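The values are calculated or read from the model by the stated rules, or taken from the named source; none is laboratory data. Not measured: the values here are computed from a predicted model. All Cβ positions, glycine included, derive from the backbone under ideal geometry; neighbour counts span all protein chains shown.
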Protein chains: 2
Amino acid sequence: MTSPERPCLGLIGYGAFGRLTARHLSAWFEVAAYDPAVSEGDAHAVLTDLTTAAACPVVVLAVPVEALEDTLSAIRPHLAPDALVIDVGSVKVKPALAMDAALPEGVRIVGAHPLFGPQSGKDGIVGLRIAVCPVREAKDARRVAAFCRHALKLKVFQVTPEDHDREAAVVQGLTHLIARVLLNMEPLPTRMTTASFERLMQAVDMVRHDSPAVFRAIERDNPFAAEVRDRFFALADQARHDVDEL
Amino acid sequence: MTSPERPCLGLIGYGAFGRLTARHLSAWFEVAAYDPAVSEGDAHAVLTDLTTAAACPVVVLAVPVEALEDTLSAIRPHLAPDALVIDVGSVKVKPALAMDAALPEGVRIVGAHPLFGPQSGKDGIVGLRIAVCPVREAKDARRVAAFCRHALKLKVFQVTPEDHDREAAVVQGLTHLIARVLLNMEPLPTRMTTASFERLMQAVDMVRHDSPAVFRAIERDNPFAAEVRDRFFALADQARHDVDEL
């Protein structure tokens, strides 16, 4: 699968998600990763400095959403004039606005949200889902989408950042909120469980090790998350009342 | 599998769970089912009247927990002096007390809670779980447990009704409560879903068609359900507060 002349891909951020990214992109790109908290590369990426990583023709930002603005300021002076910059955060509206505001004209920008993580993608990512959002030119998003579909065999959804965040507010907002409550109830029974309860606990296990920054991005940095939470809590209050009336 | 001389088993209640019961017991018993709302038998049970069903050496009560007391009054005059009576409700403390109070001395009583239903058991029940609770003689519960283990190949938990209800208050109480809230939020996204959200929705789908009587039994007739709900709602309030502070 490895091409003899792989183009360079700068990967800013080499945490759990950065490593998953490198694992699946290293067949297609020479991955040059930068992460101030990481000191050693591996089979999938060479660790380098920010300047070198940011100068690659493709730059992937695998940093927490809340660290994006500082990252953009740091890479901006080093980007190629027509670099393709892609963020992979869990929300898309806020990063799209930040990237469009911070990066020079000419730089191509695409938002991507792989709907999987180190846990759900640990046995391979073929058939898993990714949202791809245009930020500047639609054709750049189409190219990224085509690569995800054909090279990575992902199921691709091309949507606006707004449409993405509206759905993610429910899909991720609810999952992480419910998981947070259930994690705080532990220890939970493991013996006389039902199939339904086991699915619930599998859902919890898949987000159990997500970082607090992921939780903040999903619950705070998605402009639609608050209204979904309000609706969930209103219906929970209603359910509580219904049960008291049984 | 069908024995030439199958003993008679009276099945009171021939709803969705009664049918699942008959499907798996008809290899071992001649199932005589009684249900005033059902007019036709099938390959697994002969429909009969209450008197006939109640007179069988084994009587299984597959009625809603809230209908149990009336059912006990109705069958009581027709039971054999040493009949084995088994309820299969989702809670065990309340039915155990009701059966012990209502049924003549000499009648053997066991509580059982199959931790599956028509949905989760639709592709077979081998390896699925059942709780078996002694109500009068411990040896009767042991016999029922042995049958479930060896004949039905179930995973059996022999526990007291109290221990059962304490765990079920969490396992079923939480699942049905969360499912109720999520069902009230429908339509929910089906497109850009994560693996975690899909597990959550699978959990919901497994209880989606449970009757309101099942919900009432789980949330109202389990003596420990209210304190689990209180804890869940307190932690939900805490999570809500935490998110507002992010």
Out of B:Ala54, B:Ala101, B:Ala96, which single residue is in the same structural domain as B:Asp140 (by TED's automatic domain parsing), surrounded by fewer than 17 Cβ atoms within 10 Å (Cβ to Cβ) and on the phi < 0 side of the Ramachandran plot?
B:Ala101
Looking at region B:57-73, which of its residues are surrounded by fewer than 17 Cβ atoms within 10 Å (Cβ to Cβ) and under 19 Å from B:Cys8 (Cα atoms)?
B:Pro57
For B:Asp140, which of the numbered conditions (1) modelled with pLDDT of 95 or more; (2) farther than 25 Å from B:Thr21 by Cβ; (3) not polar (S, T, N, Q) fails to hold?
(2)
Within region A:213-233, can one find any residue that is more than 7 Å from every other protein chain (Cβ to nearest Cβ), over 29 Å from the mean Cα position of the chain (by Cα) and without any contact (Cβ under 8 Å) to a residue 40 or more places away in the chain?
no
Any residue that is surrounded by fewer than 19 Cβ atoms within 10 Å (Cβ to Cβ) and either over 20 Å from B:Gly18 (Cα atoms) or free of Cβ contacts under 8 Å to residues at least 24 places away in the same chain (or both) - is there at least one of those in region B:108-122?
yes
Quick check, is A:Val170 in contact with a Pro (Cβ under 9 Å, 6 or more places away or on another chain) and not assigned by TED's automatic domain parsing to the domain that holds A:Ser26?
yes
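Out of curiosity, is B:Ala203 closer than 20 Å to A:Glu198 by Cα and surrounded by 22 or more Cβ atoms within 10 Å (Cβ to Cβ)? Give the derivation first.
Values: closer than 20 Å to A:Glu198 by Cα: yes; surrounded by 22 or more Cβ atoms within 10 Å (Cβ to Cβ): yes.
Yes; evaluated as a whole, the condition is true for this residue.
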Output the number of the condition that A:His164 fails; it satisfies all remaining conditions of (1) under 22 Å from A:Ala98 (Cβ atoms); (2) more than 9 Å from chain B (Cβ to nearest Cβ).
(2)
Which residues, taken from region A:196-212, are facing another protein chain (nearest Cβ under 7 Å) and under 24 Å from A:Glu66 (Cα atoms)?
A:Met206, A:Val207
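Listed here are the residues, each with its yes/no results for (1) in contact with a His (Cβ under 7 Å, 6 or more places away or on another chain); (2) within 13 Å of chain B (Cβ to nearest Cβ); (3) closer than 30 Å to B:Arg240 by Cα.
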residue: A:Gln119; (1), (2), (3): yes, yes, yes
residue: A:Lys122; (1), (2), (3): no, yes, no
residue: A:Ile125; (1), (2), (3): yes, yes, no
residue: A:Leu128; (1), (2), (3): no, yes, no
residue: A:Glu137; (1), (2), (3): no, no, no
residue: A:Val144; (1), (2), (3): no, no, no
residue: A:Lys153; (1), (2), (3): no, no, no
residue: A:Val170; (1), (2), (3): no, yes, yes
residue: A:Thr175; (1), (2), (3): no, yes, yes
Subset of region A:177-195 (residues that are free of Cβ contacts under 8 Å to residues at least 24 places away in the same chain and either in contact with a strand residue (DSSP E or B) (Cβ under 7 Å, 6 or more places away or on another chain) or facing another protein chain (nearest Cβ under 8 Å) (or both))
A:Val181, A:Leu182, A:Asn184, A:Met185, A:Leu188, A:Pro189, A:Arg191, A:Met192, A:Thr193, A:Thr194, A:Ala195
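Got at least one residue in region A:151-159 being basic (Lys, Arg) and on the phi > 0 side of the Ramachandran plot?
yes
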